[in-house]
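The values are calculated or read from the model by the stated rules, or taken from the named source; none is laboratory data. Just so we're clear, the structure is a prediction, and the values are computed from it rather than from any experiment. Quick reminder, even Gly has a Cβ in these numbers, built from the backbone with ideal geometry, and neighbours come from all protein chains shown.
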Amino acid sequence: METEILENTQIQEAADFLAKGQLVAFPTETVYGLGADATRPDVVKDVYAAKGRPSDNPLIVHVASPEMVWEYADNSYQPLAQKLMKAFWPGPLTIIMPIQPGKLSKAVTGGLTTAAFRMPNNKATLDLIKTFGKPIVGPSANTSGKPSPTLAKHVYHDLHGKIAAILDDGPTKLGVESTVIDLSVDVPTILRPGMIDSDDLLKVIDNVNSDHHKVTATEVPKAPGMKYKHYAPSAQVIIVDDVKDFPEAIAKYSKKDASLGVLATDAILKEVPENITTFSLGDDVYSASKELFAGLRQLDVDHMDYILAQGFPDEGHGVAYNNRLNKSAGNAHYKN
Ligand code: TXA
Ligand code: MG
């Protein structure tokens, strides 16, 4: 199959593919998603196949309005969920709630009694869902295990020939996937950190727990997706937490008979020897989050054996950034 690149105005063409039961990658403010008709299990199965994703890992249901959610979710969650929707939608917050029995297929929920809902902040995609008239499922539009796509060309690289089209809306603004919050438990719990953090959430609801710090490979995590190796380029990624260690780390890894790439902010890169391949994370944790996945992908295209990547303090946006970077590095840190 030839994968078509559509402009962000070709909404009807994209909706027509979805109506024919085909897969269309769509832009969001976080990363590109792989879209399919959420109401058709046969089509949703194709999403798993295209990504090579384990089928017990449930998908996010993307909607164009809160009303669309209440056709599927347990309506007793309205008082709590609507506070969050009002404050953060459209935006990078995914809300997990119990669903009305039989309303969404096992292909979407992975057999759970809950489902994840999100209204993305992207005009083309909101228009697409409205034109299509039904919610679309959308995992990140990458091959399972690889860094999430923040450009249409990343989607094309991983999925061309496997999907009908990509709705191209340029680079995504945030670069890190949405915060996932589970409302189906006694205390609302963050299962995946994102750009909306617990302080933001606590301005709107009384109580929030974080589960993501505790998730290890041996535990059964609440968000099934968190147990898999993720965001990993072919290169070995090593995190440099203390920026003062960069010169020493660069000296160590460039002595080996291997190619070294450095992924860091401009302040660090200006001290890096010219023979070393680099990718800029901009100048702060916000731009670093936006550029992280693109950097990991580019240094892979450049055939690096090792990538030394800058860590940030574990606070604010640094929590989500470090969460993704740790997964791509298999938790390998310089010096430990
Ligand atoms: O920003 C985003 O969220 C992007 C864009 C495309 O919207 N999507 C995305 O989807 O990151 P995905 O499939 O890569 O990640 C969804 C996460 C997975 O970790 C999955 O296990 C979890 O949400 N999840 C989905 N439904 C769930 C449920 N009912 N209970 C617990 N976790 C769930
Ligand atoms: Mg993903």
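Below is a table of values for the structure above.
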{"item": "Residues of the range 139-152 classified as within 20 Å of residue 37 (Cα to Cα) and more than 10 Å from ligand 1 (Cβ to nearest atom), total", "result": "1"}
{"item": "Residue satisfying all of: in the range 124-138; under 14 Å from residue 33 (Cα atoms) and modelled with pLDDT of 95 or more; nearest to the chain's Cα centre (by Cα) among these", "result": "137"}
{"item": "Criterion (small (Gly, Ala, Ser), out of contact with any Asp or Glu (no Cβ under 8 Å at 6 or more places or on another chain) and over 28 Å from residue 233 (Cα atoms)) met by exactly one of 145, 102, 138", "result": "102"}
{"item": "Boolean, residue 314 is farther than 26 Å from residue 153 by Cβ and either part of a loop (DSSP other than H, G, I, E, B) or out of contact with any helix residue (DSSP H, G or I) (no Cβ under 7 Å at 6 or more places or on another chain) (or both)", "result": "yes"}
{"item": "Residue within the range 136-147 that is β-branched (Val, Ile, Thr), out of contact with any strand residue (DSSP E or B) (no Cβ under 6 Å at 6 or more places or on another chain), surrounded by fewer than 24 Cβ atoms within 10 Å (Cβ to Cβ) and not in a helix (DSSP H, G or I) present", "result": "yes"}
{"item": "From 173, 83, residue being within 30 Å of residue 287 (Cα to Cα), away from ligand 2 (no atom under 16 Å from the Cβ) and part of a loop (DSSP other than H, G, I, E, B)", "result": "173"}
{"item": "Failed criterion for residue 218 (all others in (1) modelled with pLDDT under 60; (2) outside any loop (DSSP other than H, G, I, E, B); (3) more than 15 Å from ligand 1 (Cβ to nearest atom) hold)", "result": "(2)"}
{"item": "Of residues in the range 247-272 being closer than 21 Å to residue 335 by Cα and part of a loop (DSSP other than H, G, I, E, B), the one nearest to the chain's Cα centre (by Cα)", "result": "265"}
{"item": "Condition met for residue 271 (among the charged types (D, E, K, R) and touching a helix residue (DSSP H, G or I) at 6+ places or on another chain (Cβ under 8 Å))", "result": "yes"}
{"item": "Residue 25 being touching a strand residue (DSSP E or B) at 6+ places or on another chain (Cβ under 9 Å), small (Gly, Ala, Ser) and part of a strand (DSSP E or B)", "result": "yes"}
{"item": "Those residues of the range 103-113 which are surrounded by fewer than 20 Cβ atoms within 10 Å (Cβ to Cβ) and away from ligand 2 (no atom under 16 Å from the Cβ), in sequence order", "result": "103, 105, 106, 109, 111, 112, 113"}
{"item": "Some residue of the range 62-78 being of a type outside the set (Lys, Arg), within 16 Å of ligand 2 (Cβ to nearest atom) and touching a strand residue (DSSP E or B) at 6+ places or on another chain (Cβ under 8 Å)", "result": "yes"}
{"item": "Residue match in the range 106-122 (condition: within 13 Å of ligand 1 (Cβ to nearest atom), assigned by TED's automatic domain parsing to the domain that holds residue 207, over 17 Å from residue 27 (Cβ atoms) and among the basic types (Lys, Arg))", "result": "yes"}
{"item": "Test result for residue 12, closer than 21 Å to residue 144 by Cα, away from ligand 2 (no atom under 16 Å from the Cβ) and surrounded by fewer than 20 Cβ atoms within 10 Å (Cβ to Cβ)", "result": "no"}
